[in-house]
Amino acid sequence: MDPHEAPVEVEVEVGCSPDHAWRLWTERMDVWWPPGKSVAGGDAEVVVEARPGGRIYERTPDGVEHDWGRVVATDPPHRIAFTWHLMFDAADATDVEVTFTPIADGTRVRVVHTGWDRLARERGTDVAAQRRDRNRAGWTAVTAAFRAAAGD
């Protein structure tokens, strides 16, 4: 595997139960999602329809919706998997899995983002590498914001 196609893996530990972490991720994303990591920024509402086939999207105060992806699998409060194309066409979607694992002091939240090999085949290695690097930085910022919202 080309190193630019390896999964992006980011994890944080939070001092709450997996159930609380799951609900914060799926029901209250607009509370903690960094405004600079969305299409509209600022006051957009972020919605996760946490069921297979459900949408992940943002809605601006004017009611304009921007799709970010589709939920492909859930196992509350342990796992949610979805396609991801924030700021890109759905045809270029990659795959994200977020797991919530109990640990002694709370929950380990792990984001694994894959699909770079597919994107490289369809759009080229340079495009896949740029988006992979961009998403690594993005998930690092997003999980830090999540950790702060979870009370750590």
Original post:
With a sphere of radius 13 Å drawn around the Cβ of residue 101, what net charge do the other residues whose Cβ falls strictly inside it have (Lys, Arg +1; Asp, Glu -1)?
Top reply: -3
**OP:** Please work out the average accessible area per residue across the chain, using the 1.4 Å probe convention, and give it in Å².
**Re:** 49 Å²
Subject >> Sum of -39500 (n - 2.57) over DSSP H runs of 4+, divided by residues of the chain (222 nm, nearest 500) >> reply: -9500 deg cm²/dmol
Original post:
Taking the Cα-to-Cβ direction at residue 112 and at residue 137 and moving 7 Å from each Cα, how far apart do the two end points lie in nm?
Top reply: 2.6 nm
Original post:
What size of dipole, in debye to the nearest 20, comes out for the chain about its Cα centre when the only charges are +1 on Lys and Arg C-beta atoms and -1 on Asp and Glu C-beta atoms?
Top reply: 120 debye
**OP:** Could you run the Karplus curve 6.51 cos²θ - 1.76 cosθ + 1.60 with θ = phi - 60° over the stretch 29-45 and give me ³J(HN,Hα) per residue in whole Hz, x for Gly and Pro?
**Re:** 4, 5, 6, 10, 4, x, x, x, 10, 9, 6, 8, x, x, 8, 5, 8
Original post:
How far is it, in nm, from the label point at residue 49 to the one at residue 31 when both lie 7 Å from their Cα along the line to the Cβ?
Top reply: 2.3 nm
Original post:
With each pseudo-label sitting 7 Å past Cα toward Cβ, what's the residue 148-residue 73 distance in nm, one decimal?
Top reply: 3.3 nm
Subject >> Relative contact order (%) - the stretch 10-140, alpha-carbon pairs under 8 angstrom, separation at least six >> reply: 23 percent
Original post:
So, how do all the Cα-to-Cα distances of the stretch 34-102 break down into 10 Å bins, in percent, from 0 on up?
Top reply: 22, 47, 28, 3
Subject >> Among [x] 15.0, 44; [y] 16.8, 53; [z] 17.9, 62, the entry derived from the coordinates for Rg and Dmax of the Cα atoms in Å >> reply: [x]
Subject >> Principal axis dimensions, the stretch 1-74 - Cα atoms, whole angstrom, descending >> reply: 43, 34, 26
Subject >> Label-zone membership for the stretch 78-95, site residue 39, 7 angstrom Cα→C-beta point, backbone N under 19 Å >> reply: 82-95
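The values are calculated or read from the model by the stated rules, or taken from the named source; none is laboratory data. None of these values were measured; they are calculated from a predicted model. For neighbour counting, all protein chains shown are included, and Cβ atoms are generated from backbone atoms with ideal geometry for every residue, glycine included. Remember, those area values only see protein heavy atoms, side chains included, never the ligands or the DNA or RNA. Shrake-Rupley method; radii C 1.70, N 1.55, O 1.52, S 1.80 Å.
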